[in-house]
Amino acid sequence: MKVGKYFVAVAAVVMSFIFSTTAYAHDSLYSMTHKVADTKWDIFEGSTSPNRHSSGHGIYVKCHSSLADYGAFSDIEDCVTGAINAWSSAQFNKTYPIKISRVDDTYKLSSVDTNNEKTLVMICAVSDTSEQYWAQTMLYGSKTTCYTATDSGQHLKTVRINLNAATLGDGSKTRTNIQYTLTHELGHAIGLKDLSSDFDDSSFKECLMGYQNWSMTKPSVYDVNGAAVISGKHNTHNQYYYKSRNATYHEKHCGLCDGYVLEKHTKSGGKCIYCNRTLS
């Protein structure tokens, strides 16, 4: 992302284009695709790279001692707590799909944790004057480890979020900006992509994973929908609605996540009984 001359909360990964469609990789969602312009969420799953995200079985968050080296991060505990609470209290279809909790800064994953494919996120501080990013979720690199790859990609075991003191901590950013950045970056650890490859795109400003709303400290309903899909908590489509595609097909959309499948029209009385398109 970019705020004026600043890059904000950029995951160190290749980002998707708005008009791409991506196949779900969870078994129960294989047949569904989605258009980011419709769903207003996108995920690190399917045929696109990278395929790294949490397993959906729980995320632990701890802080590194490097945060204490920068005065701008003196309120980091409150910001971390706010970001965790924002995700853990988010509801999808009357359920809480994301499990994120704070752990002690010395915490290490136990055998029980690894058996359940828990993700441990370390929040660190760096001072990088060579780039203008605010933060990076390091989905690749020596500090990132993954469990055995599955059809839905690689589930993260350990991953690092770097807050850049040279920009985010330069005195011009507010505590709200820091909490926004942390909440956004946790979205990447969950498995959510940024919503555009264009850093000046304001199309998704109502979304946490979109741009140009740097006071947003909670995920929108769209962000939560994507989190429910990537975590596997949304695995049954229903509440369908239909959009005509062409003279042969319509899109059958899930009313919860906005993913869709293509179906042939069913004609009755000169129209499709589902999308109401007039048919010859």
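Summary table
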{"quantity": "Subset of the stretch 41-67 (residues that are at pLDDT 95 or above, more than 19 Å from THR217 (Cα to Cα) and aliphatic (A, V, I, L, M))", "calculated": "LEU67"}
{"quantity": "Pair list, Cβ < 8 Å and 6+ apart or interchain, from the stretch 84-111 residues that are free of Cβ contacts under 8 Å to residues at least 24 places away in the same chain to residues that are small (Gly, Ala, Ser) and part of a loop (DSSP other than H, G, I, E, B)", "calculated": "TYR96/SER89; TYR96/ALA90"}
{"quantity": "Residue in the stretch 227-245 that is surrounded by fewer than 23 Cβ atoms within 10 Å (Cβ to Cβ) and touching a Pro at 6+ places or on another chain (Cβ under 7 Å) present", "calculated": "yes"}
{"quantity": "Some residue of the stretch 160-178 being crowded, with 23+ Cβ neighbours inside 10 Å and over 26 Å from ASP75 (Cβ atoms)", "calculated": "no"}
{"quantity": "Checklist (1) within 30 Å of THR278 (Cα to Cα); (2) out of contact with any strand residue (DSSP E or B) (no Cβ under 9 Å at 6 or more places or on another chain); (3) free of Cβ contacts under 8 Å to residues at least 24 places away in the same chain applied to ALA247, failing item", "calculated": "(3)"}
{"quantity": "So CYS124, is it hydrophobic (A, V, I, L, M, F, W, C) and either touching a Cys at 6+ places or on another chain (Cβ under 9 Å) or assigned to a loop (DSSP other than H, G, I, E, B) (or both)", "calculated": "yes"}
{"quantity": "Some residue of the stretch 139-151 being within 16 Å of the chain's Cα centre (by Cα), touching a residue at least 60 places away in the same chain (Cβ under 8 Å) and open to solvent by less than 30 Å² (accessible area, probe 1.4 Å)", "calculated": "yes"}
{"quantity": "Extreme residue, surrounded by the most Cβ atoms within 10 Å (Cβ to Cβ), among residues of the stretch 118-138 that are modelled with pLDDT under 95 and over 16 Å from THR181 (Cβ atoms)", "calculated": "THR129"}
{"quantity": "Number of the condition not met by PRO219 [criteria: (1) open to solvent by 10 Å² or more (accessible area, probe 1.4 Å); (2) modelled with pLDDT of 95 or more; (3) over 21 Å from GLU45 (Cα atoms)]", "calculated": "(3)"}
{"quantity": "Test for VAL103: is it open to solvent by less than 80 Å² (accessible area, probe 1.4 Å) and more than 21 Å from ARG175 (Cα to Cα)", "calculated": "yes"}
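Yes/no per residue for (1) polar (S, T, N, Q); (2) within 23 Å of the chain's Cα centre (by Cα); (3) under 28 Å from LEU256 (Cα atoms):
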{"residue": "SER74", "(1), (2), (3)": "yes, no, no"}
{"residue": "VAL80", "(1), (2), (3)": "no, yes, no"}
{"residue": "ILE84", "(1), (2), (3)": "no, yes, yes"}
{"residue": "TRP87", "(1), (2), (3)": "no, yes, yes"}
{"residue": "GLN91", "(1), (2), (3)": "yes, yes, yes"}
{"residue": "ILE98", "(1), (2), (3)": "no, yes, yes"}
{"residue": "THR106", "(1), (2), (3)": "yes, no, no"}
{"residue": "SER110", "(1), (2), (3)": "yes, no, no"}
{"residue": "ASP113", "(1), (2), (3)": "no, yes, no"}
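The values are calculated or read from the model by the stated rules, or taken from the named source; none is laboratory data. These numbers come from a predicted model, not from an experiment. All Cβ positions, glycine included, derive from the backbone under ideal geometry; neighbour counts span all protein chains shown. We work out accessible area using only protein heavy atoms, side chains counted, and drop any ligands, DNA or RNA first. Shrake-Rupley method; radii C 1.70, N 1.55, O 1.52, S 1.80 Å.
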